[in-house]
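Enquirer: Please see the structure below; I have some questions.
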Amino acid sequence: MLPKVNIYEMNDGVRYMLFEEADQRGISGMLKQNKVYEPNLFIVSEAILRQASIDRTLVLDIGANLGSYVVPIARRFNNMSFLCFEPQPHVYQQLCGNLFLNSLDNVSAKNMALGRKAGNLTLTLPDYSLDHNIGAFTVKEEIHANLRGEANKGECVTVPINHLDYLNLEEIALIKLDVEGSELDVLHGGVGTLARNLFPPIIYEAWDLDWYRKEKLALESFLKDLGYSISNFDGSDNYLAQHPNHGTGIGFQS
């Protein structure tokens, strides 16, 4: 059985259905405590979207979780379209509930993972009644072991996994990519999409952890080989990759 949820209102009027007891050190706990989710993400996203040309109208939220990013940004840019991806079935349902709760008709959501190829992916989900950080869920067992030190204890499910190029997306203005260690797999499956859309800006997460150093450097190298420049915009694990082919960028210290 899923834990009890309640509705919480944020500083900007956004409302979320959040787990009442679970996820206290995760996104739910952050929203309840701060009434906002990582404000620097929105500062950077807004700067990019304000500069977007009128023919670039699509934003991708890959690893959307409960909607803490897409809900407020989609409200602010209601002239643009947003496409979300979330592999956890129950969290996907929570995401859809939060989209409905905030009357957003410019957001579509898919219950799928993205990676290098298409197929099916078998996942062991968290026990949502006990998990203290649901947003840290990863589809990679080896990363989960390093992050959490123990296996997930919830049900086993099969979800679709696809590669971004299969979706044949156009007019992309921005990609937010937060998939708990699978970022490089998603990008490998989307090189054609990136090129066709003139290499749109990518906001992504990469941990500054000793055991993740090799993977982080491989991700940076992949993006730089495509022509992206990378900056850390707030001193956290959030990075912005920008490409000259996509037009005028926004400046940060590298």
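Enquirer: Checking PHE137 against (1) among the hydrophobic types (A, V, I, L, M, F, W, C); (2) farther than 19 Å from THR193 by Cβ; (3) in contact with a helix residue (DSSP H, G or I) (Cβ under 7 Å, 6 or more places away or on another chain), which test does it fail?
Expert: For PHE137, the exception is condition (3).
Enquirer: In addition: Anything in segment 57-67 that is assigned to a loop (DSSP other than H, G, I, E, B) and crowded, with 21+ Cβ neighbours inside 10 Å? List them, or say none. Full working, then the answer.
Expert: Within segment 57-67, the subset assigned to a loop (DSSP other than H, G, I, E, B) is 57, 63-67.
Within segment 57-67, GLY63, ALA64, ASN65, LEU66, GLY67 qualify.
Enquirer: Name the residue, out of ASP225, ASP234, ASP185, that is free of Cβ contacts under 8 Å to residues at least 12 places away in the same chain and more than 23 Å from ILE54 (Cα to Cα). If you could, list the steps in order and put the result at the bottom.
Expert: Values: ASP234 fails: free of Cβ contacts under 8 Å to residues at least 12 places away in the same chain; ASP185 fails: free of Cβ contacts under 8 Å to residues at least 12 places away in the same chain.
Just a single option satisfies the conditions, and that option is ASP225.
Enquirer: So which residues in segment 53-84 are over 21 Å from ASN11 (Cα atoms), of a type outside the set (Ser, Thr, Tyr) and out of contact with any helix residue (DSSP H, G or I) (no Cβ under 9 Å at 6 or more places or on another chain), if there are any at all? Spell out the reasoning first.
Expert: Initial filter on segment 53-84 (over 21 Å from ASN11 (Cα atoms)): 53-63, 79-84.
So of that shortlist, the ones also of a type outside the set (Ser, Thr, Tyr) come out as 54-56, 58-63, 79-80, 82-84.
Of everything in segment 53-84, those that are over 21 Å from ASN11 (Cα atoms), of a type outside the set (Ser, Thr, Tyr) and out of contact with any helix residue (DSSP H, G or I) (no Cβ under 9 Å at 6 or more places or on another chain) turn out to be ILE54, ASP55, LEU58, ASN79.
Enquirer: Now a separate question. Would you say ALA74 is surrounded by 15 or more Cβ atoms within 10 Å (Cβ to Cβ), hydrophobic (A, V, I, L, M, F, W, C), in contact with a Cys (Cβ under 6 Å, 6 or more places away or on another chain) and more than 17 Å from HIS243 (Cα to Cα)?
Expert: Working: surrounded by 15 or more Cβ atoms within 10 Å (Cβ to Cβ): yes; hydrophobic (A, V, I, L, M, F, W, C): yes; in contact with a Cys (Cβ under 6 Å, 6 or more places away or on another chain): no; more than 17 Å from HIS243 (Cα to Cα): yes.
So ALA74 fails the test.
Enquirer: Moving on. Within segment 17-39, can one find any residue that is within 20 Å of ALA113 (Cβ to Cβ) and out of contact with any Gly (no Cβ under 8 Å at 6 or more places or on another chain)?
Expert: No, segment 17-39 has no match at all.
Enquirer: When you scan segment 91-108, do you find a residue that is surrounded by fewer than 21 Cβ atoms within 10 Å (Cβ to Cβ), farther than 15 Å from GLY67 by Cβ and at pLDDT 95 or above, even just one?
Expert: Narrowing segment 91-108 to residues surrounded by fewer than 21 Cβ atoms within 10 Å (Cβ to Cβ): 93, 96-97, 100-106, 108.
Cutting the leftovers down to farther than 15 Å from GLY67 by Cβ gives us none.
No, that holds for no residue.
Enquirer: Given the options GLY154, GLY189, name the one that is under 25 Å from GLY67 (Cα atoms) and at pLDDT below 95. Break it down into steps so the answer makes sense when it comes.
Expert: Values: GLY189 fails: at pLDDT below 95.
So the residue among GLY154, GLY189 that is under 25 Å from GLY67 (Cα atoms) and at pLDDT below 95 is GLY154.
Each row is one residue, and each column tells you yes or no for (1) surrounded by 17 or more Cβ atoms within 10 Å (Cβ to Cβ); (2) in a strand (DSSP E or B); (3) in contact (Cβ under 8 Å) with a residue 12 or more places away in the chain; (4) touching a strand residue (DSSP E or B) at 6+ places or on another chain (Cβ under 7 Å).
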| residue | (1), (2), (3), (4) |
| --- | --- |
| PRO126 | yes, no, yes, no |
| SER129 | no, no, yes, no |
| GLY135 | yes, no, yes, no |
| GLU150 | no, no, no, no |
| GLU170 | no, no, yes, no |
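Enquirer: Does LEU198 fit the bill of being of a type in the set (A, V, I, L, M), without any contact (Cβ under 8 Å) to a residue 60 or more places away in the chain and either touching an Asp or Glu at 6+ places or on another chain (Cβ under 9 Å) or in a helix (DSSP H, G or I) (or both)?
Expert: Working: of a type in the set (A, V, I, L, M): yes; without any contact (Cβ under 8 Å) to a residue 60 or more places away in the chain: yes; either touching an Asp or Glu at 6+ places or on another chain (Cβ under 9 Å) or in a helix (DSSP H, G or I) (or both): no.
Judged against the criteria, LEU198 is not a match.
The values are calculated or read from the model by the stated rules, or taken from the named source; none is laboratory data. Computed from a predicted model, the values in this text were never measured in an experiment. Positions of Cβ are backbone-derived with ideal geometry, glycine not excepted, and every protein chain shown enters the neighbour counts.
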